[in-house]
Amino acid sequence: MLSSRSLARRLLRGIRPAVLGPLRFAVDAGHLRSALLGQAVDRGGQPLLWVTYPAIEFLRQLDWRGKRVLEWGAGNSTLWWAQQGASVFSVEHSQEWIDTLERSIPTGAQVQLRLARDADAYVELPRSHGPFDLVVIDGESRPRCAEVAVEVVAPSGGILLDNSEQSWAAAGEGFPIIERLHALGWRRVDFHGFAPSVARPHCTSLFFRPETRLFDLATPPYRQPGIVPG
């Protein structure tokens, strides 16, 4: 049985990671700043993908220069992809949001923002603009978008589905997107965790086929210097 002195030492040793761990994550990952601003940004205020942090760190290691990215649902993610050197094609249902984003697009960035207020147009618009190296499903009508994604993604590309822990079925039963892609031979990696300014963890999933080239030239894992000492 531990003595009172040993128990006190163990408690003191545990306080440091118990306090510094969450604080480091909140500050260094930008989660605190994102929560206060209500948008996906890193610790320096630069735009981030609104997916889980593990997915962000994985995608950050890949080489997106010259890659074509389709996303249903524009936002800070559009700016992030552009900063990585990708050519971005975004379908958005809000003209007001498009106007806001256009003011933030970096000079020289290859970004196309397409308005589609009609639900059918929103889903179908990308059909004549492929192929894409990555298709991001993070907007409305996700099961329908997934059907189109399979048709417009390049054979060597991938599909990124956010909130993949949700059913997305009309009746709320089953996982039609996951089941459809698995039936077509797609492989899946899940990235569970918190996302910018979100209080509860969820999951972002990356789907790819055996012939994918997304992982070519991926950098080794790295540790980003933190702001919080200790």
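Details
- Annotation note: Cβ proximity below 7 Å between a residue of region 77-102 that is over 21 Å from R127 (Cα atoms) and a residue that is part of a helix (DSSP H, G or I) (sequence gap 6+ or interchain) occurs for L101/T78.
- Subset of region 156-171 (residues that are at pLDDT 95 or above and over 19 Å from the mean Cα position of the chain (by Cα)): S156
- Test result for G30, modelled with pLDDT under 95 and surrounded by fewer than 10 Cβ atoms within 10 Å (Cβ to Cβ): no
- Some residue of region 177-188 being out of contact with any Cys (no Cβ under 8 Å at 6 or more places or on another chain), touching a residue at least 40 places away in the same chain (Cβ under 8 Å), surrounded by 17 or more Cβ atoms within 10 Å (Cβ to Cβ) and not β-branched (V, I, T): no
- Looking only at region 33-59, residues that are surrounded by fewer than 19 Cβ atoms within 10 Å (Cβ to Cβ), under 12 Å from the mean Cα position of the chain (by Cα) and among the aliphatic types (A, V, I, L, M) come to 0 in all.
- Of all residues in region 64-75, those being in contact with a Ser or Thr (Cβ under 8 Å, 6 or more places away or on another chain) and either within 15 Å of V198 (Cα to Cα) or part of a loop (DSSP other than H, G, I, E, B) (or both) number 4.
- Within region 7-32, residues that are over 29 Å from E57 (Cα atoms) sit with their Cβ atoms under 9 Å from residues that are not in a helix (DSSP H, G or I), at 6+ positions apart or across chains, in these pairs: R10/L2.
- Selected residue (criterion: farthest from L62 (Cα to Cα)) from residues of region 76-117 that are in a strand (DSSP E or B) and touching a Pro at 6+ places or on another chain (Cβ under 7 Å): V91
- Filtered residues of region 94-146 (kept if of a type in the set (V, I, T) and within 25 Å of T212 (Cβ to Cβ)): V111, V123, V135, V136, I137
- Against the list (1) touching a helix residue (DSSP H, G or I) at 6+ places or on another chain (Cβ under 7 Å); (2) surrounded by fewer than 23 Cβ atoms within 10 Å (Cβ to Cβ), the condition L62 fails is (1).
- The residues in region 192-225 that are surrounded by 10 or more Cβ atoms within 10 Å (Cβ to Cβ) and farther than 19 Å from D28 by Cα can be counted, and the count is 14.
The values are calculated or read from the model by the stated rules, or taken from the named source; none is laboratory data. Computed from a predicted structure; not experimentally measured. FYI the Cβ positions are ideal-geometry reconstructions off the backbone, even for glycines, and counts take in every protein chain you see.
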